[in-house]
Structures are given as structure tokens and as C-alpha cells.
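Here the structure comes first, spelled out in C-alpha cells, and everything after it is commentary.
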Amino acid sequence: MTLTDVNIKVPEGMKLYLTPLNQHDELVRNALLLYPYISNKTISHGKAAEILDISKYSLIEIYDELGLAYLSQDIEEVEDEIDMWDKLKEGVV
């Protein structure tokens with residue numbers, strides 16, 4: 001993976017926290033920088049993992065440890081999806 005420097009403007013108080021202490025912290029920071037683009041569907045988890053040079057599963061684990069869910073559906077939406085799938089299999093829809 002090729003790394004590059006990028007200049008961003010942040011409040012002065014953030015400067016201390018943007019210098020990672022180790023590789024893991026740097027990976028988490030970079031994953032968090034990509035999260036809004038996953039959230040708004042600009043890129044997928046798979047593409048973000050590819051950019052970070054890690055597996056999709058590893059990226060999902062990072063987000064999970066931070067409390068960011070991989071699936072954004074609530075239980076009712078999941079049940080509706082399962083219902084629709086069952087109907088499709090039965091040829092009802």
C-alpha cells in the first residue's frame with residue numbers, strides 16, 4: 001500500500017489527537033475518515049477495506065469495536081426482508 005501525506009484543516013485542539021501512536025491507531029483513524037463515505041453509500045465496506053489494504057471482515061470488526069453497526073436495518077426491516085424472500089421462493093410475489 002502506498003501512503004501519501006494530505007493536509008487538512010482542523011481546530012487547533014485536534015492536532016494532538018491526529019498523530020497516531022501506533023499502526024493500529026493510524027488504521028482506526030483512517031477507517032473513521034472513510035466511514036462517512038460508507039454511510040452515504042459513496043463507497044462500500046469492501047472498497048474501503050481495499051483502500052486500507054485490509055480484509056472487509058477486519059474493517060467491519062474495527063467499526064464494530066467502535067459501536068458502528070455493519071447492518072443499519074432494525075429488526076422489523078430484517079423480518080420484512082425475510083418475509084419477502086420467503087414469498088419470492090414460494091412464487092407468491
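The values are calculated or read from the model by the stated rules, or taken from the named source; none is laboratory data. Just so you know, these numbers come straight off a predicted model, no measurement behind them. Methodologically, a virtual Cβ is constructed for each residue, glycine included, from the backbone with ideal geometry; neighbour enumeration extends over all protein chains shown. Areas reflect the complete protein model, heavy atoms only, side chains present, ligands, DNA and RNA absent. Shrake-Rupley method; radii C 1.70, N 1.55, O 1.52, S 1.80 Å.
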Would you confirm whether or not the stretch 9-25 contains a residue that is small (G, A, S), out of contact with any Gly (no Cβ under 8 Å at 6 or more places or on another chain) and part of a helix (DSSP H, G or I)? yes
Filter result (of a type in the set (V, I, T), more than 11 Å from the chain's Cα centre (by Cα) and over 22 Å from Q23 (Cα atoms)) within the stretch 34-91: T42, I75, V78, I82
Top-ranked residue in the stretch 57-86 [being open to solvent by less than 90 Å² (accessible area, probe 1.4 Å) and either basic (K, R) or not in a helix (DSSP H, G or I) (or both); ranked as modelled with the lowest pLDDT]: Q73
